[in-house]
Amino acid sequence: MPKEAPQWKVTFDGSFWGHPKGQRPGKEIAVNMQFDWAGRHLIIPSVYSCSKGLVVDFCMRVEPADILAFMDKWHLCADADEEQFTREQRMQMELDNPMCMDFRPILRLNGKELRFSHGCEVSYIPCLPGRSAAEAEQDSKQAIAHYQLDTAFGWVIHRFSYPWATRKKPEIKHLSVTMVQQEVSIPGPHFQVEKPGDTFSFIYPEGGTEYTLTVQEYEKQVLETSRMMQDMEHPTHYYFMSYTVTPEFSGGDLDVADCSNGDRPRPKPCSSKPFEPTVLNDALVIGIIGGSDGPTAIVCGQPAAQGKLGAACSSLHFDPVDRVEWRLVFHEKRYQDKTFDIQTGSMAAPAKKSD
C-alpha cells in the first residue's frame, strides 16, 4: 500500500524535506504571478505569511530539450561521477546547465526592503530514465503537485525566507521583487610565470580590451599545519603570487586559480580549517584549505603603485612542484536586475486548499 503523502505546509525555518518541531505553518496567500527574466520563465504561485517573516516560492521552468542537449554535450548519465571532470570542466558545466540559475530576489514590502535570511531548492527533471527519475522526483513531487506545475517541463523550485522588517507582522499592502542574478564564474586563458616581473597579456571577451597581468611576487611557500588535525598528513607545498593588472580591470571581478587539483590529505579527506595569516607586501593573505580546490587567497591592503594588488595561492602538494599552470577566472553578471510588482489585488485571492 503506497505511503500517504504528508500534508502540504510551509514554515519559516523549514524546507521541502521537513519542519522544525513546534513551528506553525504560515498562511498561504495565492499570487499566481508569471514573468520572464534572464531568458527564463518563472512563476511565483504563493507567498506564506509566517510569524517570523515571509516565505516566497519561485518556480523556474526548464525546457526538456535544453536538459537533454546539456546531458548529451557532456555525455552525462544518471549515475555520472562528478570527480571525472576537472574543476574547469565543472565550472563550464555550471554555465551550460539549464537547471542552474543562481539568483537572490530582493523583496520590498510596503516600500520597505526585507532582508533575505535563508533558502533552499528542489529540482524536477522529467527526462531522466526509469528509476532515476522516480528517485529524483521524491523531494519535488509534492511541490509540483501542490502548485499544479506542468510535469512535461523541468522545474527548479527556490524557496526564500525573509524576516519581517518590523517588530509586528505587517499588513501586506504592496509587494515587489527585484530579481538579481549572482555572478557566474567563467574560465579564462591559461598561463605560466616563473618570477617577479613576468607578464601575461589577455583580452577580455566582453569589450575586447587588452590587459596585462604583471607578477609582483612569486615564491614557494610551506603551509603551517600545527593547528590542523595531527592524525592526518597534509600537503604543505604551494606557490604564492601577487600581481597587478593594467589597465585596471573593468569587466567585473577577476581571480587567478591553479589548474591543478593538488593533493588530498592522507589517509582520508580533512574538513576545511584556516591557518595563520601571513603578511606580505602590505597585503593580508589568508590561505584556506579547500579540499580538492586547494587554497584561495583573500587580499586586502593599499593598492600598489602599478595598480591594484591581487594575490593567488596554488594548490597544495606533498612535494614541491617546479611549475604551476594558472588560469584566469572572470566573475560577471550576465543579466540586468529587473523589478516586478506583485499586485495586492492578486494577493487578495484565497489560496487553494492544501493537498
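Among the residues of region 55-103, those identified as of a type outside the set (D, E, K, R) and in contact with an Asp or Glu (Cβ under 7 Å, 6 or more places away or on another chain) are PHE70, PRO98, CYS100.
Answer yes or no as to whether TRP17 is under 28 Å from the mean Cα position of the chain (by Cα), over 24 Å from TRP164 (Cβ atoms) and not assigned by TED's automatic domain parsing to the domain that holds ALA165.
Working: under 28 Å from the mean Cα position of the chain (by Cα): yes; over 24 Å from TRP164 (Cβ atoms): yes; not assigned by TED's automatic domain parsing to the domain that holds ALA165: yes.
Against the criterion (under 28 Å from the mean Cα position of the chain (by Cα), over 24 Å from TRP164 (Cβ atoms) and not assigned by TED's automatic domain parsing to the domain that holds ALA165), TRP17 qualifies.
Going by the conditions given, is ALA38 at pLDDT 95 or above, of a type in the set (A, V, I, L, M) and over 21 Å from CYS127 (Cα atoms)? Show your work before the answer.
On the way: at pLDDT 95 or above: yes; of a type in the set (A, V, I, L, M): yes; over 21 Å from CYS127 (Cα atoms): yes.
Yes: the conditions hold for ALA38.
Taking the condition in the same structural domain as LYS173 (by TED's automatic domain parsing) and small (Gly, Ala, Ser), does GLY22 pass? In short, no.
Conditions (1) assigned to a loop (DSSP other than H, G, I, E, B); (2) surrounded by 13 or more Cβ atoms within 10 Å (Cβ to Cβ); (3) outside the structural domain of ILE342 (by TED's automatic domain parsing); (4) without any contact (Cβ under 8 Å) to a residue 60 or more places away in the chain, marked per residue:
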{"position": "ASP139", "(1), (2), (3), (4)": "yes, yes, no, no"}
{"position": "THR178", "(1), (2), (3), (4)": "no, yes, no, no"}
{"position": "LYS195", "(1), (2), (3), (4)": "yes, no, yes, yes"}
{"position": "SER201", "(1), (2), (3), (4)": "no, no, yes, yes"}
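Scanning region 28-73 for residues that are surrounded by 14 or more Cβ atoms within 10 Å (Cβ to Cβ), touching a helix residue (DSSP H, G or I) at 6+ places or on another chain (Cβ under 7 Å) and without any contact (Cβ under 8 Å) to a residue 60 or more places away in the chain yields a total of 1. When region 100-118 is filtered for residues that are surrounded by fewer than 17 Cβ atoms within 10 Å (Cβ to Cβ) and either of a type in the set (S, T, N, Q) or within 14 Å of the chain's Cα centre (by Cα) (or both), the ones remaining, listed by number, are CYS100, ASP102, ARG104, ASN110, SER117, HIS118.
Entry remark, region 318-343: residues being in a loop (DSSP other than H, G, I, E, B) and over 23 Å from PHE35 (Cβ atoms) number 8 in total.
Go through region 9-25 and give me each residue that's exposed (fewer than 14 other Cβ atoms within 10 Å of the Cβ) and among the aromatic types (Phe, Trp, Tyr).
If we filter region 9-25 for residues that are exposed (fewer than 14 other Cβ atoms within 10 Å of the Cβ), which is where we start, we get 17-18, 20-22, 24.
Answer for region 9-25, where residues must be exposed (fewer than 14 other Cβ atoms within 10 Å of the Cβ) and among the aromatic types (Phe, Trp, Tyr): just TRP17.
When the criteria are applied in full, GLN216 meets the requirement of being in contact with a Pro (Cβ under 8 Å, 6 or more places away or on another chain), of a type outside the set (Gly, Ala, Ser), surrounded by 13 or more Cβ atoms within 10 Å (Cβ to Cβ) and assigned to a strand (DSSP E or B). For region 150-176, a tally of residues being surrounded by fewer than 19 Cβ atoms within 10 Å (Cβ to Cβ) and of a type in the set (A, V, I, L, M) returns 3.
The values are calculated or read from the model by the stated rules, or taken from the named source; none is laboratory data. Just so it is clear, the model here is predicted, and its values are computed rather than measured. Reconstructed Cβ throughout: ideal geometry from the backbone, glycine too, with neighbour counts over all protein chains shown.
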